[in-house]
Amino acid sequence: MFLTDFISSLNKADFIKPILTNRNLIVEVKLKSTESYFLEFSSKGSSVLASCPQKVDFVIEGGKQDLEEMIKNNISMKQLISFGSISIKGSYRDFLKLDALIKLA
């Protein structure tokens, strides 16, 4: 699965840890088929959560193909938003942090 590959590449890169402050960032990746995945980013490492957390900081919703292309860095999150292929909910600060993580992975 593309999300587990993304998480493992983040955990291997030591230069990413300074971006991830002590605050945990919980991201929900919601596929159009109503399937959701929850990712946690922190300075201690990134992971895919097994269950739904109590609080979600950022939500990305879109088709599987679009999300996979974004995670593989073939197209940017900003472009997909402008095309209307994905939608996001959350703060601009979290958007910038997640966008940087995707580009650096």
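Values quoted throughout were computed directly from the atomic coordinates according to the rules given, and no laboratory measurement underlies them. This is a predicted model, so every value here is computed, not measured. With ideal geometry, Cβ positions are generated from the backbone for all residues, glycine too; neighbour counts draw on all protein chains shown.
Annotations
- Note on K30: lysines with a C-alpha under 23 Å away, same-chain residues under 8 apart excluded, are K55, K64, K72, K78, K89, K97, K103.
- Full extension of the chain between K17 and N74 yields a length gain of 18.2 nm, computed as 0.36 nm times the residue separation minus the alpha carbon distance.
- 3J(HN,Hα) from dihedral phi, segment 48-63, Karplus parametrisation 6.51/-1.76/1.60, rounded to Hz, x for glycine, proline: 9, 7, 7, 10, 6, x, 5, 10, 10, 8, 8, 10, 10, 10, x, x
- Ascending count of other beta-carbon atoms within 10 Å, so fewest first, for Y37, Y92: Y92, Y37
- At R0 = 22 Å, FRET efficiency that the Cβ-Cβ distance of K32 and R93 yields, to 0.05: 0.25
- Structure-based [θ]222 nm, the chain - -39500 (n - 2.57) summed over DSSP H runs of at least 4, per residue, nearest 500: -11000 deg cm²/dmol
- Calculated SAXS-style log₁₀ I(q)/I(0) at q = 0.14, 0.21 Å⁻¹ - the chain, Debye, Cα scatterers: -0.48, -1.19
- The modelled label-to-label distance for the pair L49/T4, using points 7 Å beyond Cα in the direction of Cβ, is 1.9 nm.
- Take every Cα pair under 8 Å whose residues are at least 6 apart in sequence, average their separation, divide by the length of the chain, and the relative contact order is 27 percent.
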